[in-house]
Amino acid sequence: MSADTVQQRIHELRGVLKGHNYRYYVLDDPTVTDVVYDKLLRELADLEHQLGQPVPEGSPTQTVGYKPDTAFTSRKHAMPMLSLANAFSDEEISDFVRRHKTILGDDVNIAYIAEPKVDGLAINIYYEFGQMVYAATRGDGVAGEDVTDNIRSVAGIPWSLTGNVPDQFEVRGEVYMSKASFAALNQKQQDAGEKVFANPRNAAAGSLRQLDASITAKRKLSFFAYATGLGGDGFASNQNELLSQLSGQGFATQETALLADEQAMFAHYQAWMTKRPSLDYEIDGMVFKVNDFKQQKLLGAVARSPRWAIAYKFPAEEVETIVEKITWQVGRTGVITPVANMKPVNVAGVMVSRATLHNIQELARKDVRVGDKVVVRRAGDVIPEVVKSLSINVGNRAEPTPVPKQCPVCGAAVEQEEGEAAIRCTGGLSCPAQLKERVKHFVSRDGFDIEGFGSKLAEALVDKGLVKTIADVFKLDYERMATWEGMGEKKIANLKKGIENRKTIALARFIYALGIRHVGQATATSLAQHFKSLDAVQQASEEDLLEINDVGKEVAASLIHFFDEDHNKQVLEQMFDHQHQVQVLEDETPEMDSQHPLAGKTVVITGSFSNIKRNQAKILLQQLGVKVASAVSKNTDVLIAGEKAGSKLKKAEELGVEVVDEAKLLAWLA
Ligand code: IVH
C-alpha cells in the first residue's frame, strides 16, 4: 500500500470504529460482533504503526469508550482508567511473559494472578473517609458519567468502608447482569413490547445508564471489584492481597488463582473455558496480571493499557453466518417453534447450525429470512440463538417464511390460542414429535431421573413403536431392544436397573414428570405440599386448586383438563398396575405448627442478609410451611428486609405491611 492509501484507510477505519464505539457505548446496540470490531481495531493499529507518524489523541486506538452522555454529569476520575490488551492465542501469552522477563530480568520470579474477565462495564467508585461519594462509568477513561444513585442498588458494593482504608479511595470493578436476571429482564421487555437486549453486557449498560435510579434497581445488577485507583498505593502490596482486603470490606470479588508460568496459564485458561457455561454470569476470557505491585510499576503502561496485564479472550460467542432454511419444530406440549437452519459456524468452541427463533412473533420482529446474514450467539445456556439479521435493509431478500397451517410432523391442524404467541399442533399424543418430547421430559433429571435413558433412546423407542405412552417406559421390550445396533447386554442391564431404581417416586417429582402444561417444578412442589397425595391432586376442583399461592386460573384449568382426559386416566392407571408397578409417595412436608408466629401468613423476602442467602431463607421458610411470595401486595403479611432492600421495602411501608429484619428471620428459622 502506498503512504496515501494507508492514510486513506486509516481515516476510514477511524470513522467506522468511532461509529461502532458510539453504537456500543452510547446506544448499547452494537451492529458488529466483538471479533469484527477487534479485527478492525487491530488493522488500524497496524496501519498507524506502519505510517510511523504521531497518532492523534482522538484515534480509537488511543481512547477507550466514548464521551459521556450529556444527560448525566461528567466525573473526572482521580486517576485515569486503563483498559486491557487482548490476546487470542497461547503464543500471545508467551510474548506477554517474555516481555516481562526482558524488562524485569530473566532470573526474577514473577507470579501471575488469574481472574475471570467479566463481561459488563467498568465502574470507578470514589470513597472519602470511608463513605461512598460518587460512582462513575469509565467513559473515555479520563472522565465518565456520574451514576452514583444507580450504583447504590447494585449488589456487591458497600456504601461505606471501615477500618484502615485510605481517606481518598477509588475502587474499580465491573458491573454486570447475571444470566438469570438477563433472561428475566428480556422476558419482561418482550412482554411489554419493549426493546430486548442482545446480551447481558448491553443489558447491564442500558440498566445502569438510566436517569431514573429506580429502574436500575429493578434490573438486578451485580458487581465484582478488581482494582483501585487513587489511594491504592500502600493499601496492599500485591493483587491477591488487594482482592482479599476488598472482599473484607464487603466488595464482591471473583475466584482467582496464582500461577507460576505460562504453562499454568494455558491450563487455567482451558479449565475456565470448560467451566464457563456453568457460571451464572458471562465471562469472555481470563485476565492475567503480574501479582506484585512493585513489578507492575516497573513494567508500566503503553498507550491505553498496562504492560502487566492482559485479557486472554475466549473464542467469540457471537458470530455471523447465513440462514439457509427456516423449519418448524414441535415440542412436548405441541408448541411449534421456528428454527433457523444455518451454514455451520463455530460459536465458542461448538459447531452450530440450528438456532431457535422462539415463536412467530419473534420471527416477525427479528424479520429473519432465508438467505439473510445473521448474528448467532450461544448464551451461557447451551441453546444457540439468532440475535439479529444484518440483512434487514438489504434489497432483494427472500419473502418471509409462511406460518404453517398443519403440523409439519403429523399433519394435524395448527391452532393459535388468543393472546398467545405460540402456535400449536392439535395432534396431541398421536403426534410422534410431541410423544418424543413428553417421554424425554418424563425420564429427565428433574422428573423420573432415569439413568441411561437419554434423548436418543427416547426418540428411537418412539420411532420403533416400543413406546406409545409414557407408561410404556416401565414395560419395555428388552428382547427386541437387544437386537438393536449398539445395544449391548450391559447397556440393557443398566437401563433395567435405572428404571427399577426409580419406580418409587416423590409426589412433587411425579407431578412435574407428567409434563402438564403450565406446571413447572415450583407449582408441582406446591401442589404436593398442599394436597399430599396424588389422589387428592387428581380430585381437586378449581376452587381447591386456586387456594394455592402460585396456582392461577390458567394453571388450574390445565390441571383439571389433564386429569379429566380419558387417555391420561388410562395411562395413569396403567402405570400403577402390577405390570408397571410405579409407586408415588405421599408428600411428607410437615403441617405448619399453628403456634408458629408465621402460621398462615404470607411473607416476602428482599435485600441481602449477612448470615444466610436469600434463597436459602426462602427454602427453609417453605419447608416450615410458610407461604413465600415474590412481590409485595395487599395480601402480604410480613416483609423480611435485609440490607439494600429497595422498592419492595418502599411498597411495604406504603401499604403498612409489617417489616422485620434479619435477626427476626433467624429467630423464626431457629
Ligand atoms: S483490570 C488496568 N480485571 O475488561 C486494567 N478488567 O478490556 C484495568 N474487566 O476495562 C482493568 N474483568 O471493564 C480488569 N478481572 C478484570 C476484569 C476487567 C473485566 C473489563 C474492564 C476493563 C476491560 C478491558
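The values are calculated or read from the model by the stated rules, or taken from the named source; none is laboratory data. Just so you know, these numbers come straight off a predicted model, no measurement behind them. So basically every Cβ, Gly included, is an ideal-geometry build from the backbone, and we count neighbours across all protein chains shown.
Scanning the stretch 271-293 for residues that are part of a helix (DSSP H, G or I) and either at pLDDT below 95 or among the aromatic types (Phe, Trp, Tyr) (or both) returns Trp272, Met273, Thr274, Lys275, Arg276, Pro277, Ser278, Phe293. Does the stretch 168-182 include one or more residues that are farther than 22 Å from Tyr281 by Cβ, crowded, with 18+ Cβ neighbours inside 10 Å and more than 16 Å from the ligand (Cβ to nearest atom)? Looking through the stretch 168-182, at least one residue is farther than 22 Å from Tyr281 by Cβ, crowded, with 18+ Cβ neighbours inside 10 Å and more than 16 Å from the ligand (Cβ to nearest atom). Might you let me know whether the stretch 47-64 holds any residue that is surrounded by 15 or more Cβ atoms within 10 Å (Cβ to Cβ), modelled with pLDDT under 80, closer than 30 Å to Leu211 by Cβ and within 34 Å of the chain's Cα centre (by Cα)? Yes, the stretch 47-64 has at least one match.
If you take the residues in the stretch 468-507 that are assigned to a loop (DSSP other than H, G, I, E, B) and β-branched (Val, Ile, Thr), which one is surrounded by the most Cβ atoms within 10 Å (Cβ to Cβ)? It comes out as Thr469.
The single condition from (1) surrounded by fewer than 15 Cβ atoms within 10 Å (Cβ to Cβ); (2) more than 29 Å from Ala413 (Cα to Cα); (3) among the charged types (D, E, K, R) that Asp372 fails is (1).
Flag: Val339 matches the condition of being part of a strand (DSSP E or B), without any contact (Cβ under 8 Å) to a residue 24 or more places away in the chain and either at positive phi or of a type in the set (Val, Ile, Thr) (or both).
Only strands (runs of 3 or more DSSP E) wholly contained in the stretch 70-135 count here; list those with 3 or more residues that are surrounded by 13 or more Cβ atoms within 10 Å (Cβ to Cβ).
Details: elements: 74-76, 85-87, 112-118, 121-128.
Filter on the stretch 70-135 gives 85-87, 112-118, 121-128.
Candidates are the residues of the stretch 67-118 that are hydroxyl-bearing (Ser, Thr, Tyr) and out of contact with any Pro (no Cβ under 7 Å at 6 or more places or on another chain); the one that is nearest to the ligand (Cβ to nearest atom) is Ser83.
If only residues of the stretch 189-200 that are in contact with a helix residue (DSSP H, G or I) (Cβ under 9 Å, 6 or more places away or on another chain) and not polar (S, T, N, Q) are counted, the one that is surrounded by the fewest Cβ atoms within 10 Å (Cβ to Cβ) is Glu194. In this entry, Glu362 is excluded by the filter for residues that are crowded, with 18+ Cβ neighbours inside 10 Å, within 16 Å of the ligand (Cβ to nearest atom) and charged (D, E, K, R). Scanning the stretch 297-313 for residues that are more than 9 Å from the ligand (Cβ to nearest atom) and either surrounded by fewer than 19 Cβ atoms within 10 Å (Cβ to Cβ) or part of a helix (DSSP H, G or I) (or both) gives Lys297, Leu298, Leu299, Gly300, Val302, Ala303, Arg304, Arg307.
Where helices (runs of 4 or more DSSP H) fall wholly inside the stretch 162-241, no range has 2 or more residues that are more than 25 Å from the chain's Cα centre (by Cα).
Answer yes or no as to whether Glu362 is assigned to a helix (DSSP H, G or I) and closer than 27 Å to Glu437 by Cα. Break it down stepwise before answering.
On the way: assigned to a helix (DSSP H, G or I): yes; closer than 27 Å to Glu437 by Cα: yes.
Yes.
Any residue in the stretch 219-233 that is in contact with a Gly (Cβ under 6 Å, 6 or more places away or on another chain) and either away from the ligand (no atom under 14 Å from the Cβ) or polar (S, T, N, Q) (or both)? Taking every residue of the stretch 219-233 in turn, at least one turns out to be in contact with a Gly (Cβ under 6 Å, 6 or more places away or on another chain) and either away from the ligand (no atom under 14 Å from the Cβ) or polar (S, T, N, Q) (or both). Just checking, does the stretch 564-577 include any residue being modelled with pLDDT of 90 or more, over 21 Å from Leu435 (Cα atoms) and exposed (fewer than 14 other Cβ atoms within 10 Å of the Cβ)? Yes - at least one qualifying residue is present in the stretch 564-577. Inspection of the stretch 43-62 finds no residue satisfying the criterion of being assigned to a loop (DSSP other than H, G, I, E, B), more than 19 Å from Val302 (Cα to Cα) and either within 14 Å of the ligand (Cβ to nearest atom) or hydrophobic (A, V, I, L, M, F, W, C) (or both).
Where helices (runs of 4 or more DSSP H) sit wholly within the stretch 594-670, those with at least 1 residues that are more than 27 Å from Gly250 (Cα to Cα) occupy 614-624, 647-655.
Can you tell me which residue within the stretch 272-296, out of those that are within 25 Å of Phe235 (Cβ to Cβ) and of a type in the set (A, V, I, L, M), is farthest from the ligand (Cβ to nearest atom)? Let's see the steps before the verdict.
Of the stretch 272-296, the ones within 25 Å of Phe235 (Cβ to Cβ) are 286-296.
Applying the additional criterion that residues be of a type in the set (A, V, I, L, M) yields 286-287, 290.
Numbers: Met286: 9, Val287: 4, Val290: 11 Å.
For the stretch 272-296, the residue satisfying everything is Val290.
Applying the condition of being acidic (Asp, Glu) and away from the ligand (no atom under 16 Å from the Cβ) to the stretch 119-160 and asking which residue is farthest from the chain's Cα centre (by Cα) yields Glu128. Just one of the listed residues (Arg445, Arg517, Arg438) is in a loop (DSSP other than H, G, I, E, B), under 18 Å from Lys569 (Cα atoms) and not aliphatic (A, V, I, L, M), and it is Arg517.
Residue pairs whose Cβ atoms lie under 7 Å apart, sitting 6 or more positions apart in sequence or on different chains, and linking a residue in the stretch 511-536 that is modelled with pLDDT under 85 to a partner that is surrounded by fewer than 19 Cβ atoms within 10 Å (Cβ to Cβ) and hydrophobic (A, V, I, L, M, F, W, C), are Ser526/Ile548. Quick one: which of Ile326, Ile383, Ile423 is of a type in the set (Val, Ile, Thr), in contact with a Ser or Thr (Cβ under 7 Å, 6 or more places away or on another chain) and at pLDDT below 95? Criteria check complete, one pass: Ile383. Take the conditions (1) surrounded by fewer than 16 Cβ atoms within 10 Å (Cβ to Cβ); (2) within 26 Å of Val439 (Cβ to Cβ); Glu591 misses just one of them, which is (2).
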